[in-house]
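The values are calculated or read from the model by the stated rules, or taken from the named source; none is laboratory data. From a predicted model like this one, the values you see are computed outputs, not experimental measurements. Ideal geometry is used to build each Cβ from the backbone, glycine not excepted, and the neighbour counts take in all protein chains shown. For accessibility, only protein heavy atoms count, side chains too; no ligands or nucleic acids. Shrake-Rupley method; radii C 1.70, N 1.55, O 1.52, S 1.80 Å.
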Number of protein chains: 2
Amino acid sequence: MHQMKMSRVFTLIEPGPVVLVTTRDGNKNNVMTISWTMVLDFTPAFAITTGAWNYSFAALQRTRECVIAIPTVDLLDRVVGIGTCSGADTDKFAKFKLTAVPAKLVKAPLIKECLANIECKVVDLIEKHNIVVLEAVAAYEDPARDEGRTVHAVGDGTFIVDGRKLDRRKMMASKLSAGI
Amino acid sequence: MHQMKMSRVFTLIEPGPVVLVTTRDGNKNNVMTISWTMVLDFTPAFAITTGAWNYSFAALQRTRECVIAIPTVDLLDRVVGIGTCSGADTDKFAKFKLTAVPAKLVKAPLIKECLANIECKVVDLIEKHNIVVLEAVAAYEDPARDEGRTVHAVGDGTFIVDGRKLDRRKMMASKLSAGI
């Protein structure tokens, strides 16, 4: 996995892919599937919607750290499986054959099988709206990976795979963030 | 445009499409392009990231209403155009040939050309993080439309068009919200 420039990290979340969020509580790794995410800033900062209904939330609250990993379409069945069982009674890294790789600045693990991984610190918990505000502190991508298509959850049990990419860089030149 | 069941409205935002947000300040309609959005609840409630850097923000603050319209790939050049000029000096409905249709519960207009439209009330402004919390109060979709593919902004001037749809409804049955 190659280190990413921090100025490009928001481009992993802005298109709205389903993501995996890892936590480490004591010496126990866990992972959840999340599709309610949002970019907050180019710095980069992100928001995710989660709360006590997710077992990972307690670890997120306690450790104030996580990793957002970006899976691709070849991992879809594992992503759905991760989202339909709980870390309360399942070692999901073992069950779904995920390789935990140590991160540099947080204790939550990176997932080797994913396209990209973002180390995050919890900046704020807005409990009224179940919003967790995250600041990315490091990120990595795997440019050698054959499959680069991410998936988008519709929320009804169907998923949309990335299709064609259209280039509007010239039209948008005046609006693009520096370092892109 | 057909009225949508409120229990299905979150499925418009969860996949992460670029959206248009309309406002009406006095008798002046405006529209902005936003790709920083997130589902907060099935009720449905949404968050968007915006602030004073968007001209529409003042209208959103003052009127506490907006419409989130979902454009499709055939509208991409208009969507990008809307995102690269300002309502401060441009009548964007005229410039981009958009048809404003009166909404029922908010003064901000629906956009006839879009795949779907969601009438929203502002529930909270979290200024510290530039998060606007919205509650949807009505929504419509246009099932007669030929083009149904939405687009996802990468943030670097490129856009990903919806590709194949994969069905995992059986695997996810235990997790799906009621009314889906």
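Values as computed for the structure displayed
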item: Cα gyration tensor of chain B - equivalent ellipsoid semi-axes, whole Å, descending; result: 25, 19, 16
item: Charge dipole (debye, nearest 20) of region A:99-180; +1 at Cβ of Lys and Arg, -1 at Cβ of Asp and Glu; result: 380
item: Cα-based shape type of region B:96-148, given that a ≥ b ≥ c are square roots of the gyration tensor eigenvalues and the cut on a/c is 1.5; result: prolate
item: Distance in nm between pseudo-label sites at residue B:125 and residue A:146 (7 Å out along the Cβ direction from Cα); result: 5.2
item: Buried area at the A-B interface (accessible, heavy atoms, 1.4 Å probe, summed, Å²); result: 4900
item: Residue-averaged beta-carbon neighbours from other chains (10 angstrom radius) around B:72-78; result: 1
item: 7 Å along Cα→Cβ, label-point gaps from residue A:2 to other copies, nm, shortest first; result: 4.7
item: Where a label projected 7 Å from the Cα of residue A:178 along Cα→Cβ would reach, residues of region A:27-56 with amide N under 13 Å; result: A:43
item: Assigned charges on the beta-carbon of Lys, Arg, Asp, Glu; chain B dipole about Cα centre (debye); result: 380
item: Local net charge near residue B:68, Cβ-Cβ under 12 Å (Lys/Arg +1, Asp/Glu -1); result: -2
item: Nearest residue to the symmetry axis between A and B, taken on chain A by its Cβ, in whole Å; result: A:16, 1
item: Chain B, relative contact order [Cα under 8 Å, separation at least 6], %; result: 27
item: Choice from A:31, A:67, A:79 showing the highest fluctuation, given a GNM over chain A with Cα pairs closer than 10 Å; result: A:79
item: Other-copy label distances relative to residue B:124, 7 angstrom Cα-Cβ extension, nm; result: 1.1
item: Cα gyration tensor, region B:42-81 - rounded (a/c under 1.5), prolate or oblate; result: oblate
item: Computed over region B:18-103, Kirkwood Rh from alpha-carbon pairs, angstrom; result: 13.4
item: Local electrostatic count at residue B:129 - Lys and Arg +1, Asp and Glu -1, tallied over other residues with Cβ under 13 Å; result: -3
item: Listed residues A:23, A:11, A:50, most fluctuating in chain A (Gaussian network, C-alpha, under 10 Å); result: A:11
item: Cβ-based charge dipole, region A:92-134, positive-most Cα from A:98, A:108, A:134; result: A:98
item: Top positive-direction residue, dipole computed over chain A with Cβ charges, set A:122, A:84, A:29; result: A:122
item: Per residue solvent-accessible surface (Å²) - region A:1-88, probe of 1.4 Å; result: 34
item: Inter-chain Cβ neighbour average for residues B:97-106, partner chain, 10 Å; result: 0
item: Region A:45-180, accessible surface, carbon-and-sulfur percent (1.4 angstrom probe); result: 50
item: Shortest-first nm distances, residue A:77 label point to equivalent points in other copies (7 Å, Cα→Cβ); result: 4.4
item: Cα gyration tensor shape of region B:90-180, rounded if a/c is under 1.5, else prolate or oblate by comparing a/b with b/c; result: rounded
item: Evaluated at q = 0.11 Å⁻¹: base-10 log I(q)/I(0), Debye formula over Cα of the protein assembly as shown; result: -0.70
item: 15 Å beta-carbon shell around residue A:140, net charge (K/R +1, D/E -1); result: +1
